[in-house]
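*Asks:* Can you read through this structure? Questions will come right after.
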Amino acid sequence: MAKCTICNSRKGKRKCPATETFICSMCCGESRESEKCAGCTFFGAVSTCRNYRGAPYFSTEEMAASPALHAIAEVIESALCLVWESDGRNVNDRTVARLVELMLDEYHFNDGGRTIADPVLAAGHQMLSRTIRDDLSHVDAGKLVKVLGAVYRSIQRRTVGGSSYLEFVSRFTGIW
């Protein structure tokens, strides 16, 4: 197998459509750009390995101490409960965690506008996006990202499978 045509030090195992040569996975990851890599099977794989728990977030103490942050989180969590209420058969904690990931894709990773193939996720994304756009337009994007990060961590802490997080948070939002 030939060496990577970019770094010339590792084996080139991936056929790069942009260079039309074989490159190593490291160079592939470091040189990805939407213009030249559109349609490549390796280009879309970046979002599947994002560290959402590494996104900025407010701690539970910061959230509890700030009525303003709590109000923002309540709007988001109420919207998640509405998504659950609209389709309780197909929506669970995993679904709403994925919806928050999609919002983090948009607001933190600046990677929105992708087509969502799953109809349940697409409908939930539309509801959550509309809520954020209509009810939280006054909120600074950095603050919104940190609240989304806090909600995401809350989902991870509270879920034990099924809809345990949603059941917990619905007691406070009054939805469901």
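The values are calculated or read from the model by the stated rules, or taken from the named source; none is laboratory data. Nothing here was measured: the structure is a model prediction, and the numbers come from that model. Neighbour counts are summed over all protein chains in view; Cβ atoms, including those assigned to glycine, are modelled from backbone coordinates with ideal geometry.
*Asks:* Please state which one of Cys37, Cys81, Cys16 is over 26 Å from the mean Cα position of the chain (by Cα) and crowded, with 17+ Cβ neighbours inside 10 Å.
*Replies:* The match here is Cys16.
*Asks:* On the basis of being closer than 28 Å to Glu33 by Cα and either touching a residue at least 60 places away in the same chain (Cβ under 8 Å) or not aliphatic (A, V, I, L, M) (or both), does Gly88 make the cut? Even if it seems obvious, please write down each step before you answer.
*Replies:* Values: closer than 28 Å to Glu33 by Cα: no; either touching a residue at least 60 places away in the same chain (Cβ under 8 Å) or not aliphatic (A, V, I, L, M) (or both): yes.
No.
*Asks:* Still on this structure, please answer the following. Out of curiosity, is Ile76 in a helix (DSSP H, G or I) and either more than 18 Å from Leu128 (Cβ to Cβ) or in the same structural domain as Leu128 (by TED's automatic domain parsing) (or both)?
*Replies:* In short, yes.
*Asks:* Which residues, taken from the stretch 124-176, are within 12 Å of Tyr57 (Cβ to Cβ) and either of a type in the set (Ser, Thr, Tyr) or in a loop (DSSP other than H, G, I, E, B) (or both)?
*Replies:* Across the stretch 124-176, the qualifying residues are Tyr152, Ser154.
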